[in-house]
Every structure is written in structure tokens, then in C-alpha cells.
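The values are calculated or read from the model by the stated rules, or taken from the named source; none is laboratory data. On a predicted model such as this, the values are computed, not experimentally measured, just so you know. Here the Cβ positions follow ideal geometry from the backbone for every residue, glycine too, while neighbour counts run over all protein chains shown.
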Amino acid sequence: MQSLAPGGRPPGGGAVLVDEGVQILRKTAVFPTTVNLADIPSRPSPVDKLQQQYLDGKIDLAEQDRPVSESLFQAMVAESLRQKADPGVQNYQPQAIMGTLAVNSSFKSIDYTQSQQGVPPDPDIMVGHDHIVVGVNTSFQVFDKSGNSLVGPILYEDFWANAGGTCATGSSSVNMFDPFSAYDEEESRYILGITAYDSSLNGGDNGWACIAVSTSDSATGSWYLYSFDGNVGSGTDYFYDYPHLGVGQDALYLSANMFGSSFVRAHLHVLDKDAMYAGTTPTYWQINDTSDFTLQPAKLKGYNTGGWPTNASEPHYYAAVVWGSSTIRVKKVTLNASNPWGTAPSYATAGSVSVNSYSQPVSQPQSGGSNIEGNDYRLLDLEYWGGKLWATHTIGCNPGSGTVNCVRWYEIDISSGTPSLVQQGTFSSNSTYRSFPDLAVDKCGNMVVGYTSTSSSTFPSVYVAGREAGDTAGQLKQETLVHAGEAYYTAYDSVPRRWGDYTGMALDPDGVTHWYVGEYSRSQSTARWSTWVSGSKWSSCSVAPDFTLDVTPASANICASGSQQFNVALASLAGFNSSVSLSASGNPGTASFSPSSVTPTGSSTLTISGAAAGSHAFTVSGSGGSPTINRSADVTLNVAAAVPGAPTLSSPGGGETAVSTLPTFTWSNNSAAGYDIQVATDINFSNIVLSATDLPGNSYTAGSSLSNGTLYYWRVRGSNACGNSSWTAVSAFRTGSGQSCTNVLSEPGFEGGASGAWSSSSTLGQVLIDTNNPRSGSYAARLGRQNNENSQVWQTAAIASGATSATLRYWYDISSSDICGSFYDVGSVKVNGSAVSGHEYDLCSGTSTGGFVQSAAINMASYAGTTPEIRFQTTTDVSLLSTMTIDDVELMVCTIGSTPAADYSDLPLSYGVAWHEGSGSRKLGSSWDSDTTFSNGQDDGTDDGVTFPASWAQGETVNVTVTVQGGSGSLKGWVDWNNDGDFADGNELVIDQTVASAGDQVVAVDVPETAVLSTPLNYRIRFASSTIDSSSGSMADGEVTDGQTAGVSAPCAAPTAVSNLSISGNVGAGTVNLSWSNTNADSYEVRRSVGDFYFSNGLGTLLTTSSSGSYQDSTVALNNVGTHHVYQIRAVNGCGSASNSTHTVAEFEFDIMPGN
């Protein structure tokens, strides 16, 4: 697009479109002419031929060279003017000063008076090791990098006067326009191009690419000049317009738009650069593409600094915007590897990328009136760097107060061969029009874009802006005025006056300096355009060869018996290729590297072994190059001596009730490296509802609400590199009933935008709450948008005094390329001005999240009854930007309604927890107990209503009395007969009956033969109006009592039979003496029988109960001489007699004879 493009051709010229489809044609160029710049005079044109033709009515300078009709294009412009505000564009604040982009060189280059031909200038630039070459529509000039003119300005017609083909300018009908250029870093050659057509041939439908290449790495010496026909083949010739050039690995790649009476197709030319550099006749391919308009060829830069493809066979790419569709289409050309100039290359679509919608630019105001052109949204530039394509163009956008012209740019990943969008941005601000951008990317991945800026209050001026590799996606920064417009722009064409049609950006071979040539309005006579050159670079991007050293992991944990490996990665910067020796200092134990030296880019493995227990900080260093460069990284190794002990649970306390549904769990810190927590609805943890692992501290706040009025069990264990501790003893709690939780923050998702409920502040005047990168909804807070900035958002929120819990959580996304470990860029969460521990962030490459993650919870319960301020804040230093995006913040405050009173069980958790709510309408004993906990042990001494026997024995049936009050209901009781800590055994339900009315319920309980009676046994009695199904769980009314059976404190067994029974008589005295031996009886029954014979069954008459081992019977009947007397002794204790049914008694029979 330039002054002489189709709109500038004679009216009526050109042929009707003939669709020849996609063709690939082969041709050779005209044999080169050699020209030495020292032989070419520097002069302006004596007359402006373009002006003469315009004033004579032979050409029309209105910009109309597009793939659509003029009426359709004007309808697109009108639609662009009607577009609504787009919250997705970057609404830049011009007053902000940020970043580390410095303009180090700045000087005026060619103006209209020095060329004296044509509007607009179409400035372009190329930069080699020593020289800068600037071209405009009719002239070019060579400068050194300090801005000193070395050659020129030289008219292209003088330079090409003796070349062959149409490029030879001997005829007055030959016109030259649309300069293009590039520097081949691989071969150190300058490539200078201009377009030519002869208005006297075929109605002006023709065109040539006139390309000169320097014979050496000097732009001031001799050049080979080549003429390439833009219409290869025997088909219809078309007007050759808007060519652009890209240096490839194996060829030079050119493209142009072809017009007849309207747009026909694109022509792509692939030129044999090796032949051109050798000064021989090159072969070239022409590819006819009927589907795309303004296919920009990729420009390879950074041959020695990491920009070029690493695959020699990688295709060369072209790209174009698809008119009427928000799409970037990428094409690829692949030369035949074995016969590149004899076998046709392949040409195909690599893929398409959907992008944000774009509208046509509009005419642009300037101070003093008379608008200037904004042209259209064709692609203006395509750069290749390290597997990425970068592109830019002008679009119309509405940042808020109406349509302006904006810089749209893209980063596209092409490393896989299929394009995918990495990021895109639209740079704009209200009332300011930015147009004709061109960009370049440096070796650090930083980008700079240059453009024209104008408004109703400013003259057209030269600006640059850019971004560093780690900046927030889609954002530019540090808009910098390179040179201000000096006057109201006017020329001899009509309003809107032509401007552009493009500008130029080149990257210095040093890989860091961005050279831009832009257009501004200069204070001079008619056609007041001029050009200006600036050299800028990011101070964070080093020029000298260097290397980086990075160690991963930066921190590691091991057991004292183990070893740890670290990956030591070295990357080359700016072509560093020396061997680097590796070492470690301050390291624990033994350090070994494999290999011990590395030539970047490469890596080594560091192994640390034999380290003693403790935390050890040490340094890994690399040294190499000449002069010697030293780089290092700090590493931490934590060595554990043994598995940690189990922690002790603190809160919620065991048996605690009315606990918040968002509780904070705490436990003792036993110096473990991390902690695991589990919360379940059952004591066996088969239904875990909440868990977390590797918690760094000794507390954890639930991130999701538990259920109201529910019993939960929880446990914790510690861990370190040696292993996990045992789980703590299980604790349980019950959440409160009628509990509700509310997020008390206004606009937690920042949906009110910059003027909403959140206050914000940026030291650089940035708008922090915008539509770029929200997690949900349309807005988010993006902090750290620029270097050297302090940014923060905050609001206050009331926490009710009766709150049972208050928990702050948020989602965050960190994007950074900064260095870890030194806290150069930092982020934090503050409450009432104080940073919250665990929520202070080192914003660096190692903490980049790659998307949103949810924070750990912050316990805010201590702020109940106050209105705390919640603040998110970041601070960035002067380089390597870090951005932290915050979204979906919640301050959940929970309160409990009316929690019903309840009586809880008191046995250990293994028996299950039972509780009865209500007011005691049904109860056990004389009163109803309202408990506050269900901790182990009876917490209320009034639990009663149950009477067990003082003692019992295996196999016995005993009576248990339970006193119930309040009416009928279900009565159940359990005894843990085998003392195993639960009521799960089949015979442990001992009471199961329906009570008809209040009063004493006497229940017969069978004591199992297997009952463990060596210790008191645990029991549970429950009474409720409805059926009780279990020994645990809740009932709507009634009462539960837990306890232990009484009177059983030692082993209980029936006594053994007496032994050593002896008997003697004293007839004279009428007495009988008895004695025996026994050890485990409480007492002895002494009985006597009288008969004629021995007998062993039955009991005689009880004479006495003796507690000793002897008895004297003085009641013997002496008058019954010869009668048989039988004595029986039976041992008895609390567990029974010597025999349960048949008593074993020592029996003796003797005759008591008088006188004997």
C-alpha cells in the first residue's frame, strides 16, 4: 500500500480478474549489475513526479487498494465507528512511567525535502553490525549507530539507473515506490528493495521487485542489483503492490498484492539468496495464492542470539489476517531439500488461529484539524523468533469513550508446525489514535513496538512501547515519546491525507537493541512528513556473552540415611560457549557433580550424601569464560534424623459441640516437615469428607463447609523425609445446628470494575481491576502490572460479634520471570495493615502458577465484632516483571442459630457417641442432664436412674432396675461383657423393651458364662419416645446414661471344698470338736445329721456359720448311745458355695459312747 499502488495508477488500467488458482512458477532474474555507493550522488529529486501526476488528474492518491470494494470498506469503517466499548482492550494510562526500556540513540532521518518525491513516505529500516539503512518511497540513507550520515540520501532511481528490466529507470514512465529491506545475520549481508512499475505498459498492470544485496558486510560499499519480474508465467499481468521481505534460512521470501481492476491474489516469491550473494543469476519461485491478502513473510532475526530455527528443514512461514473474520491464517513454504531450485517447493496452510475480533481503523485527527489516513487492518509485520511468530496491525477499537485506532499484536507458537495463540493484546487509550505499528523481539523474549500517535490535541508523533518476557500476558508498558510532531500535517493530497503506509522496526545483530524508524509531522513547507530513528533496549537484557545457572529443586528434604540429587542447568546467553566448572561451598556431607564441568547450554547432576541432621544452606557455583564469569545459586537441604512423633490434637476439643461448619483445626507442632489431616463421619475413616496433606504449620482451616449438626472424627499425623508418624488418637466433635455462612465481602469477584467496591492504588497510575485474565466473571485485580510499581487493592468488611468462625480465602495466578530466592518482586495479603504469615509471596519464575490456584485459608475468627481491612499488595523492582492476579475472594463468616440442648454419652469414642435432644420430657432417674460435651468420662454427676446388683457371677441372672419418667417409650441398654471397647457383640444388648408407663423397670439380665468380670464393665442405657435403633446416634428426646457396673473389683470364683477335717469327742463333757483347712472362703456352714447309716447326700441341720476353721458342738445328745452323727462343712464366699448344685463335704461317722 503506497502512494502509487492501485489507487495511484491511471484510471481504467488493468485487466479483469482471471482466476489462475494456486500455481508455482519458476524463473531466473536479470543478471545483476554491480554498483558502488561511492559513485552515486546524494540529492533530492528536482521535481515531485507524483505531485505533478496528481495535479494533472492522472492519478488518485486516495487509499483504495484492498480486497473489498470501496463501498463495502466504507461500510466496515462505519461499523467500526459504531462499536461499543471493549473491556478486553488495554486502556493504557499515558502518564504512567514504568519498565526499564531506554532509548539510547535517537536521530532524524530522511524528510520530504531531502527526497522531494511522494506522500506518504512508507519508511523502512535495516540494521547490520555497523550500519543502519533507512528507506522511504523514493530515497535511502546510510547512518552509523550514532546517527551520523555516511551515505545519502540517494534516490532509488539514481541507484537503479543502469540495472536491467523495468528496474532500470531510464524511462520517465517508470515509477519506484514501497521500499523494503532486511539484514541477513547468517551471511552478514544488507538487502535493499524497492518496487517499480511502468505506467506505459499494460495500462500500468505490471511490477518488478528491485532487490540489491551488499557484496560484503558494509552498506556503504558495492552492491549487486537484481530485477525480479513480479508476474512470472504467461498469464495475465497484474499491478505489483505492497511487497515485504523476510530473510529465511535457505532463501529470501517476498510477497506482494496483485491488482487488476480490483484485488486478484497474492504473489509469493522465493529467491535463491546464495546465488544473489555470490553475484550470479538466481533462480526464484513464484507462488500464486488466490485466498489471502497481504501475506507477510516471517522475518528471521537473532541468528547468533537464539532467534533462528534450530531445525534446518523447518518451513518458512507467511501469515495474513482474514478479512471479515477474526482469524490469522499461517501458510508455509518448504523448499525441496535435495533440489531446491529445480523441484518446486511445497506450499500449504499450516493452520489458522482465532483471535479477538478486529474492526477497521478510522481516519485520525491531529491538532489543527484535517484528519490523516488510518488505512485498514491488513497485517503490517511478521517476526519469527525461537519458534514463535509475532505479528501486528492497526485496528479500530473502543477503549471506553469512542472508536480510536489501536495497536493490535499477537504471539503465536509455531514450534510444532501448527500455529497456536500464546497471547494477544490491543494497546489503546481514549482519544489517542495509534497506527502503522511494527515490532521486534530481542534475545530475552522482550518486545518493542513502534507506531504513530496522534490526537485532536497533538501532532502526529513517533512512539515506542513494549513488554518484557515475564510481563502480564496481553499487556504493553512504558509508552515512550521518541519524537513529538512539530506542526500541523498537510500535503497536496485531499483529506484524510495519506500517512504511513507502514513504518519499520529492526533488531540489531547484538540481539538486544530495537531500531525503529517512524513518521512525524515536521515544521517545514508542504508535505511536512519526516522520519526519525531511535535505538532502544531493555536494561534487563544483557548484551555480553553470559550464562545462567539454575539449581532445582531449590530446597529439598531427606532422611539422614539418604542422599539428594539436584539438577544444575546452565543456559547460554548471547553466544556464550565456554566450559563452566562447577563447585559447591558450605555444603553438608559430600558433594559430587556429574559431569564436573558443562558447556552451556547443558546440565549436571549434583549429589549430596552423608549429611548430618539439620537445615543446611549452601551455594552451587559455576565459573568459566574469558574474562571469567561467575554465577551461583543458593540451595537448602533439610536433613531429618528420624520419623517424627505423633502430634497432639488441640481444637476442636474432644467431645466439643456447637463447632463451626468452617472450623480451624490446630495441633501441637512436633517439628515435622509437614502434616496430614483427615476428617470423616465415621471413626474408621471410611468416609473422609475433608483432608489435606503436607501442611506446613500446625493449623488448618476447612476450605469447604461441613454439615450442620453432624458428628465428625479427625486425626493428624506428622511427616518428614524419614517417613510418617503414627496417626494421633482420634478426636470427635459435633457441628452446631442452624448454622449459616455468608461471604461478607462486596464484589468478591471484582465485578464492579475499577470503580466498584474495591479501592485500588498504583504508584504508576495503573488501572488494576480490569477484564484481562479473570478466573470467573469479567473482572479480576491484576497487581504488579509494571516494573518499579507498588500496587494494591483493598476493602473493609464487618465480622459479626457472634460469629463462630470467619475464614478468608482467595484465588491467585502468578506470572513471573524473575529470580527466586531474593524476593525482588513480592506479594502479600494484609489484614489491618499487617502481613499474614504464610501469605507472603516471592514472585518469581519458580512460583509462577500457570493458572489460578486457591489459597490456604486464613482464620479471621479473632476479628469477630470488628471491621477488618483486607488488602492485597505487590511490589516490583526495576526488571523482570511479576504479575499477581487476584479473583474470587471470600470472607466466609459463620454464625449458629439456636442449637438444641442435648444430653450426650460419656464413654470413650470407640463406643460411639449417643445424644438425646429436647428438654427432658422423658428422662432416666430424677433429672435430665443437658451436657455441653461428650468427652470421655461422666461430665455430669446427676446421671442416674440405673441400679445394678452389687455383685454377679458368670451364668447368673440378675435384676437391673431402670427408673424412667415422662411416659412410655423405648428402653435399651448395653453392657460390654468382653470389655473390648464397643457394644458390637451379639450378647451385649441386655435391655430391649417397650416401656408402657413411667416408673421402675426391673429387667432380668443374663450374665454370660464368658463375661469378663475381672474389672468393672461399661454400660449404656437409653430411653426415648420413639424406637432406639442403635447404641449411638441421635434421638429427638429422652436421655442417655453411661457408666460402669459396681461391686466387681476383683476376680470372683466359688471356694474350693474344705480339707483336713478332723473330729474328736468328749463324752463326759457332751461336746464334739471340729477343725478344717480352707483359704478362699468368706465363711463356713456347719451342719449335722443323725442316722443309723452313712449317707453322703442332703444337708443336715445348720448348726452355725463360722468364719474360722474350727467349731465346738456342745449340743450333741448323750442319751442316744450308738446313734450315728454326721457333720458337714461347706465353704461359702460372695461368688457362691463350694459347689453350685452338689456340695462336696468331708463326712465322718463315729459313735459317741458315754464314758468313751
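Quick look at the values:
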| read-out | value |
| --- | --- |
| Matching residues, the range 946-989, being modelled with pLDDT of 95 or more, of a type in the set (Gly, Ala, Ser) and within 16 Å of PRO1016 (Cβ to Cβ) | GLY973 |
| Test for TRP794: is it within 30 Å of ASP550 (Cα to Cα) and either in contact (Cβ under 8 Å) with a residue 60 or more places away in the chain or surrounded by 19 or more Cβ atoms within 10 Å (Cβ to Cβ) (or both) | no |
| For ASP906: the one exception among (1) surrounded by fewer than 19 Cβ atoms within 10 Å (Cβ to Cβ); (2) part of a loop (DSSP other than H, G, I, E, B) | (1) |
| Enumerated strands (runs of 3 or more DSSP E) restricted to the range 381-469, each holding at least 1 residues that are touching a strand residue (DSSP E or B) at 6+ places or on another chain (Cβ under 6 Å) and of a type in the set (Val, Ile, Thr) | 388-397, 404-413, 420-428, 433-441, 447-455, 458-467 |
| GLY802 vs. criteria within 30 Å of LEU101 (Cα to Cα), of a type outside the set (D, E, K, R), at pLDDT below 90 and not in a strand (DSSP E or B) | no |
| Hey, ALA168 more than 20 Å from GLN141 (Cβ to Cβ), assigned by TED's automatic domain parsing to the domain that holds GLN51 and among the small types (Gly, Ala, Ser) or not | yes |
| Residue list for the range 676-689, filter: surrounded by fewer than 19 Cβ atoms within 10 Å (Cβ to Cβ) and either assigned by TED's automatic domain parsing to the domain that holds ALA1036 or not in a loop (DSSP other than H, G, I, E, B) (or both) | GLN678, ILE688, VAL689 |
| Condition check for VAL448: under 26 Å from GLY402 (Cα atoms) and touching a His at 6+ places or on another chain (Cβ under 6 Å) | no |
| Strands (runs of 3 or more DSSP E) contained in the range 718-781 and holding at least 3 residues within 27 Å of SER691 (Cα to Cα) | 731-735, 739-743 |
| Check on ALA320, in contact with a His (Cβ under 8 Å, 6 or more places away or on another chain) and closer than 22 Å to MET447 by Cβ | no |
| Restricting the range 855-886 to residues that are among the small types (Gly, Ala, Ser) and in contact with a strand residue (DSSP E or B) (Cβ under 9 Å, 6 or more places away or on another chain), the residue that is surrounded by the fewest Cβ atoms within 10 Å (Cβ to Cβ) | SER862 |
| Every residue from the range 479-494 that is in a strand (DSSP E or B) and more than 38 Å from the chain's Cα centre (by Cα) | HIS483 |
| Lone qualifier among VAL836, VAL829 - being touching a Lys or Arg at 6+ places or on another chain (Cβ under 8 Å), among the β-branched types (Val, Ile, Thr) and either surrounded by 19 or more Cβ atoms within 10 Å (Cβ to Cβ) or on the phi > 0 side of the Ramachandran plot (or both) | VAL829 |
| Some residue of the range 251-269 being farther than 24 Å from GLU157 by Cα and touching a Lys or Arg at 6+ places or on another chain (Cβ under 6 Å) | yes |
| Members of the range 995-1023 that are touching a residue at least 60 places away in the same chain (Cβ under 8 Å) and of a type in the set (Ser, Thr, Tyr) | TYR1019 |
| Filter pass, GLY518 being touching a residue at least 24 places away in the same chain (Cβ under 8 Å), in contact with an Asp or Glu (Cβ under 8 Å, 6 or more places away or on another chain) and assigned to a strand (DSSP E or B) | no |
| Filter pass, SER704 being assigned to a loop (DSSP other than H, G, I, E, B), surrounded by fewer than 19 Cβ atoms within 10 Å (Cβ to Cβ) and within 29 Å of the chain's Cα centre (by Cα) | yes |
| Segments classed as strands (runs of 3 or more DSSP E), wholly inside the range 1038-1103, with at least 3 members that are within 60 Å of the chain's Cα centre (by Cα), modelled with pLDDT of 80 or more and closer than 30 Å to TRP915 by Cα | 1039-1044 |
| Only one of PHE180, PHE107, PHE140 that is assigned by TED's automatic domain parsing to the domain that holds PRO509, aromatic (Phe, Trp, Tyr) and touching a helix residue (DSSP H, G or I) at 6+ places or on another chain (Cβ under 9 Å) | PHE140 |
| Residue satisfying all of: in the range 405-421; under 23 Å from the mean Cα position of the chain (by Cα) and in contact (Cβ under 8 Å) with a residue 40 or more places away in the chain; surrounded by the fewest Cβ atoms within 10 Å (Cβ to Cβ) among these | SER420 |
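Each row is one residue, and each column tells you yes or no for (1) under 32 Å from the mean Cα position of the chain (by Cα); (2) buried (at least 20 other Cβ atoms within 10 Å of the Cβ).
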{"residue": "SER457", "(1), (2)": "no, no"}
{"residue": "VAL462", "(1), (2)": "no, yes"}
{"residue": "THR472", "(1), (2)": "yes, yes"}
{"residue": "LYS477", "(1), (2)": "yes, yes"}
{"residue": "PRO496", "(1), (2)": "no, no"}
{"residue": "ASP501", "(1), (2)": "no, yes"}
{"residue": "GLY504", "(1), (2)": "no, yes"}
{"residue": "ASP508", "(1), (2)": "no, yes"}
{"residue": "GLY511", "(1), (2)": "yes, yes"}
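This table checks each residue for (1) at pLDDT 90 or above; (2) out of contact with any Cys (no Cβ under 7 Å at 6 or more places or on another chain).
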{"site": "SER579", "(1), (2)": "yes, yes"}
{"site": "ALA584", "(1), (2)": "yes, yes"}
{"site": "GLY602", "(1), (2)": "yes, yes"}
{"site": "ILE608", "(1), (2)": "yes, yes"}
{"site": "PRO627", "(1), (2)": "no, yes"}
{"site": "ASN630", "(1), (2)": "yes, yes"}
{"site": "VAL635", "(1), (2)": "yes, yes"}
{"site": "ALA642", "(1), (2)": "yes, no"}
{"site": "PRO663", "(1), (2)": "no, yes"}
